[in-house]
Amino acid sequence: MGIEDANIGNNSNDQYRVIGRKSWLSYSGVLVRYGIIGGILYYAFINYERLNRELLSGYPFQLTQDIFVGLFVVLIAFFLYRIAVIRSYKVFVNNEGVWLTGGILPWAKFGNGLRWRDADMAFYQPGFISWIANSYTISVKHKFTNQADFRVSNIWSGRITCGYINGILNRKNPMG
């Protein structure tokens, strides 16, 4: 993963540099969850005649293939939404500080961060799975409260992201 430069406006002060994104580990969890749900739904779809005959014979409601197709469409829509939300997570720096943003729907977008004058250090949590997957939980600490101002899991190359943030903090020059 490289570091991306971008502009969020016409002013040169609006430049920011994306230094972290979610790793494949985040996507794999969603894939497994929706794969299991889809597998159960597919099994029910294949055996829907037997289900109608044995389980729902006394009920006025009968299952149809249209219901299964509708459920598959809803499942795929939720799956694509979850993938888009994971893809929207960004850790970035600009002249003002270090920030975390995410979300795709207007009412679900979020952002959090620290100004450079308030940031103490960035940390990553090592572990065996993190080392194998190169996917770390990072947290950026506040200088005065001794708490993590933001913490995010499964950041690809989180060690490099933390090193980049700490390098900027050591130089005291935000965009270096």
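The values are calculated or read from the model by the stated rules, or taken from the named source; none is laboratory data. Just so it is clear, the structure is predicted and the values come from calculations on it, not from any experiment. Note that we place each Cβ from the backbone using ideal geometry, even for glycine, and neighbour counts take in every protein chain shown.
Looking at TYR124, is it out of contact with any Leu (no Cβ under 9 Å at 6 or more places or on another chain), in a strand (DSSP E or B) and crowded, with 16+ Cβ neighbours inside 10 Å?
Details: out of contact with any Leu (no Cβ under 9 Å at 6 or more places or on another chain): yes; in a strand (DSSP E or B): yes; crowded, with 16+ Cβ neighbours inside 10 Å: yes.
Yes, satisfied.
Out of the range 119-135, which residues are of a type in the set (Ser, Thr, Tyr) and at pLDDT below 90? Before the answer, list the steps.
Filtering the range 119-135 for residues of a type in the set (Ser, Thr, Tyr) gives 124, 130, 135.
The one that is of a type in the set (Ser, Thr, Tyr) and at pLDDT below 90: SER130.
Table: residues versus (1) touching a Ser or Thr at 6+ places or on another chain (Cβ under 9 Å); (2) modelled with pLDDT of 90 or more; (3) crowded, with 16+ Cβ neighbours inside 10 Å.
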| site | (1), (2), (3) |
| --- | --- |
| ILE40 | no, yes, no |
| LEU55 | no, no, no |
| PRO60 | no, no, no |
| ASP66 | no, no, no |
| ALA77 | no, yes, no |
| TRP99 | no, yes, yes |
| TRP107 | no, yes, no |
| ARG117 | no, no, no |
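Determine if the range 85-107 includes at least one residue that is charged (D, E, K, R), touching a Pro at 6+ places or on another chain (Cβ under 8 Å) and under 29 Å from ARG171 (Cα atoms). Before the answer, list the steps.
Of the residues in the range 85-107, the ones charged (D, E, K, R) are 87, 90, 96.
Remaining after also requiring touching a Pro at 6+ places or on another chain (Cβ under 8 Å): 96.
Filter again for under 29 Å from ARG171 (Cα atoms), leaving 96.
Yes, there is a match, as at least one residue in the range 85-107 is charged (D, E, K, R), touching a Pro at 6+ places or on another chain (Cβ under 8 Å) and under 29 Å from ARG171 (Cα atoms).
Does the range 103-149 hold any residues that are in contact (Cβ under 8 Å) with a residue 40 or more places away in the chain and within 16 Å of the chain's Cα centre (by Cα), and which are they?
ALA133, ASN134, SER135, ILE138
Write out, first by first residue and then by second, each pair whose Cβ atoms fall under 7 Å of each other, whose residues are 6+ apart or on separate chains, and whose first residue, in the range 18-31, is more than 13 Å from TYR136 (Cβ to Cβ) and in contact (Cβ under 8 Å) with a residue 24 or more places away in the chain while the second is charged (D, E, K, R) and exposed (fewer than 15 other Cβ atoms within 10 Å of the Cβ).
Matching pairs, first to second residue: VAL18/GLU4.
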